[in-house]
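The values are calculated or read from the model by the stated rules, or taken from the named source; none is laboratory data. What you see is a predicted model; the values in this text were computed from it and never measured. Glycine also receives a Cβ, built like all others from the backbone with ideal geometry; neighbour counts cover every protein chain displayed. Ligands, DNA and RNA are stripped out before the accessible areas are found, and what is left, the full protein with its side chains, is counted by its heavy atoms. Shrake-Rupley method; radii C 1.70, N 1.55, O 1.52, S 1.80 Å.
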Amino acid sequence: MLRDLQAEFRAGLLTSEETAPGRLGGAGVIGPERFWIYRNNYVASLKSALEATYPAIARLIGAENFSFLAHAYSRRFPPAEPSLHAYGGGFADHVAGIEAAVGDLPFLPDLARLEWAVNEAYFAADAEPLIAEQLAALAPGDYARLRLALHPTARLVASVYPVWHLWDAEDLANDFPAEGDCMLVLRPGDKVDVILLSPGDHAFLSALADGSLLGEAVEAAVAAEPGFDLTASLAAHLERGTFAGFDLD
Amino acid sequence: MTAAHTRVDCLGPIPATAGVGLRHPHIDAFQERRQPVGWVEVHSENYLVPGGPRMRVLEKIRADLPVSCHGVGLSLGSAEGLDEDHLRRLRSLFDRIEPGLVSEHVSWSVAGGSYLNDLLPLPYTQEALDILCRNIDRAQEAFGRRILIENPSSYLAFAPAEMTEWAFIAEAVSRTGCGLLLDVNNIHVSAHNHGFDAAEYLAGVPGEAVGEIHIAGHAECENPENSGAGPVLIDDHGHPVIEPVWALLDAALRTIGPCPVLVERDMNIPPLEDLLAEAASAQRALDACATDRTLDRHVA
């Protein structure tokens, strides 16, 4: 049956063993010694796809280490859909489970989360950013009921490691800050920006992303960073296009 | 001008001229100016995106040149049937881009819900033929249009085969009313790998159903587990088109007549000039074929 042949072919592709199946789904295989070509195409093509999505990790750990991580990932998690830009969302969790990788380089999973956020932002839906004039029309009393919507391309990432600094580093030879980074990933036009945020600003945007009212988001921001300056933060985010709209509660 | 107005510039069929596959390193050149090529082909799955610059660029290029959408992920040969979400996403891409041609492969890539990112071989049996035809019917219904199916390249085959690859494809075309995308590089690669005669293959496919021809390059590879069987040809689209494939193109055009010819390149992507030079060679083959056919008519 074709269904059995395809199930067994799939199983053969996903194994790292160098076996040459003589039969698949009850059918004889002519040229089983060439099965490796398919196995090879599978891991090599998905490694390239992952490399395109995770260029910083590939650069920092080198081709051989990256291949090891990518091959193991693709064998364990075959793509669930045919558009390769959607492949690799679980790479951070996969890397986190590989002791050989995170033992030496514990920042790798968070760097992967940042790179996935960049990938998502690149392909996310487009929207016109909210501009300051649209907010200026609100009455002062409206601010208490204001719910700002983040731009559909906005993604928030926080790490105890300096992943913003690592993201565009050429190699690991540099000195990196000891403290972690909070970041906003945003694509207001064609280009993805990765913006370093203060802890208060990150808490502010995270609360807004969860649907909090402006006042609640400010409380969260101040809790994370007592000196949080709402006016300066709003002005900077309106300027860079962090919001796409608002509601009044 | 509304979006609906900007879209109608390049409607209509793909011309019977040479085209090239539109690939990332050449995108800027195509955006800057209309390139000297008849049309371009894109991989449909690369454009199933909610937003971002990729789609904007394609819409810009399609205002200059006709676009063909070549699918690599529908898996027409899957026993488990087609992914309805994927069909819907493709339909919405086609509604937006209005491609001159839509094509897919006589192969499979989905099993157990996993997408295996390759064009895998089918056994040439009645059961597989029934499944392929059912899936082609479903795709043509979902897209509201005829599609072309491309003959595959492969490295292994299944036994017992109940028919030849060309008979299998001819029967699928006849049953479903779909067209054929004849990849002459794939014929060359598979003929070598499986030991059949490329001329017999060409004679066995329905020439009148051919709506497009692909040409490409391939790699020659010594099989590490080889038992003296000679090199295997790998369809990597990573090298220039070689002479036997140009000869097969000439032979196909003599039988079929002028039709759109695409130069495909997916690996080791060369400068655009090199790709355009190959397209110009394909155009010369098309021109020669048109001249021959005119002469034939005069002689007759």
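Using the Cα centre of chain B as the reference point, and only Cβ charges (+1 on K/R, -1 on D/E), how large is the resulting charge dipole? Debye, rounded to the nearest 20.
Once rounded to the nearest 20, the dipole reads 1220 debye.
Please calculate the 1.4 Å probe accessible area of residue B:163, with all protein chains present, and give it to the nearest 10 Å².
Rounded to the nearest 10, the figure is 40 Å².
Per DSSP H run of n ≥ 4, the term is -39500 (n - 2.57); total these for chain A, divide by its residue number, and report the mean residue ellipticity at 222 nm rounded to 500 deg cm²/dmol.
Rounded to the nearest 500, it is -14500 deg cm²/dmol.
What does the charge dipole of the range B:126-197 about its Cα centre add up to, to the nearest 20 debye, if the Cβ of each Lys and Arg holds +1 and the Cβ of each Asp and Glu holds -1?
With Lys and Arg at +1 and Asp and Glu at -1, about 280 debye.
Is the C-alpha gyration tensor of the range A:185-249 telling us rounded, prolate or oblate? Criteria: a/c under 1.5 is rounded; beyond that, a/b larger than b/c is prolate, otherwise oblate.
Oblate, since a/c reaches 1.5 and b/c is not below a/b.
Compute the Cα gyration tensor for the range B:3-299, then decide on rounded, prolate or oblate, letting a ≥ b ≥ c be the square roots of its eigenvalues: rounded whenever a/c is under 1.5, prolate when a/b is larger than b/c in the other cases, and oblate in all that remain.
Cα axes put the range B:3-299 in the rounded bin.
Residues of the protein assembly as shown: accessible area per residue at 1.4 Å, in Å²?
Dividing the accessible area of the protein assembly as shown by its residue count gives 42 Å².
Debye sum, Cα scatterers, the range B:174-284, no solvent: what log₁₀ I/I(0) at q = 0.12, 0.15, 0.21 1/Å?
Result of the Debye calculation: -0.45, -0.68, -1.16.
Can you tell me the Rg and the Dmax, both Å, for the Cα atoms in the range A:125-249?
Final numbers for Rg and Dmax: 15.4, 53 Å.
What residues of the range A:1-33 lose no less than 50 Å² of accessible area with every protein chain in place versus their chain by itself (probe 1.4 Å, heavy atoms only)?
Relative to the lone chain, where solvent access is computed with a 1.4 Å probe, the range A:1-33 loses at least 50 Å² at A:2, A:3, A:6, A:9, A:10, A:30, A:33.
Only four residue types carry charge here, +1 at the Cβ of Lys and Arg and -1 at the Cβ of Asp and Glu. Report the dipole size of the range A:98-249 about the Cα centre in Debye, rounded to the nearest 20.
Here the size comes out at about 400 debye.
With the full set of protein chains in place, find how many percent of the accessible area of the protein assembly as shown is carbon and sulfur; take the probe as 1.4 Å.
53
Any residues in the range B:135-164 that have 50 Å² or more less accessible area with all protein chains than in their chain alone, probe 1.4 Å, and which are they?
Checking the loss per residue gives B:155, B:156, B:158, B:159.
In what order, largest first, do A:142, B:83 sit by accessible area if the probe radius is 1.4 Å?
The ordering from most to least exposed comes out as B:83, A:142.
Putting +1 on Lys and Arg Cβ atoms and -1 on Asp and Glu Cβ atoms, find which of A:160, B:248, A:12 reaches farthest to the positive end of the dipole of the protein assembly as shown.
B:248
Just to be sure I understand the interface: list residues from the range B:44-67 that lose 10 Å² or more of accessible area between the chain on its own and the complete protein assembly, 1.4 Å probe.
Listed by number, the residues meeting the 10 Å² cut-off are B:45, B:48, B:49, B:50, B:51, B:52, B:53, B:54, B:56.
Would you rank B:188, B:239, B:26 by solvent-accessible area, highest first, keeping every protein chain in place and using a 1.4 Å probe?
B:239, B:188, B:26
Of B:187, B:170, B:234, which is farthest along the charge dipole of the range B:129-259 in the positive direction, counting Lys and Arg as +1 and Asp and Glu as -1 at C-beta?
The residue sitting most towards the positive pole is B:170.
How crowded by other chains is B:119-131, given as the mean number of beta carbons from other chains within 10 Å of each beta carbon?
3
For the protein assembly as shown, divide the Cα radius of gyration by the Kirkwood radius and give the resulting Rg/Rh value with two decimals.
Rounded to two decimals, Rg over Rh is 1.02.
Check each of the trypsin sites (Lys or Arg not before Pro) in the range B:15-48 and keep only those in coil by DSSP with at most 14 other C-beta atoms within 10 angstrom; list them in order.
Loop-located and lightly packed - B:33, B:34.
Would you mind checking which residues have amide H under 5 Å from residue B:52's amide H? H placed 1.01 Å from N; only 5 or more apart, or other chain.
A:126
Rounded to the nearest 500, what is chain B's calculated 222 nm mean residue ellipticity when only DSSP H runs of at least 4 contribute -39500 (n - 2.57) each, over all residues?
Rounded to the nearest 500, the figure is -13000 deg cm²/dmol.
Under a 1.4 angstrom probe, counting protein chains only, how are A:77, A:35 ranked by accessible area, largest first?
Accessible-area ranking of A:77, A:35, largest first: A:77, A:35.
Taking loop as defined by DSSP and a crowding limit of 14 other beta carbons within 10 Å, which GluC sites (Glu not before Pro) in the range B:202-284 fit?
B:222, B:225
Work out the charge dipole of the protein assembly as shown with +1 on the Cβ of Lys and Arg and -1 on the Cβ of Asp and Glu about the Cα centre, then indicate which of A:1, A:189, A:25 is farthest towards its positive end.
A:1
What quantity of accessible surface, computed with a 1.4 Å probe and excluding non-protein components, is buried in total between chains A and B, in Å² to the nearest 100?
3900
Would you tell me the mean number of C-beta atoms belonging to other protein chains that fall within 10 Å of each C-beta in A:37-46, as a whole number?
Partner-chain Cβ atoms within 10 Å, mean over residues of A:37-46: 4.
Would you kindly compute the Cα radius of gyration of chain A and its largest Cα-Cα separation (Dmax), both in Å?
So, for chain A, Rg and Dmax equal 23.0, 77 Å respectively.
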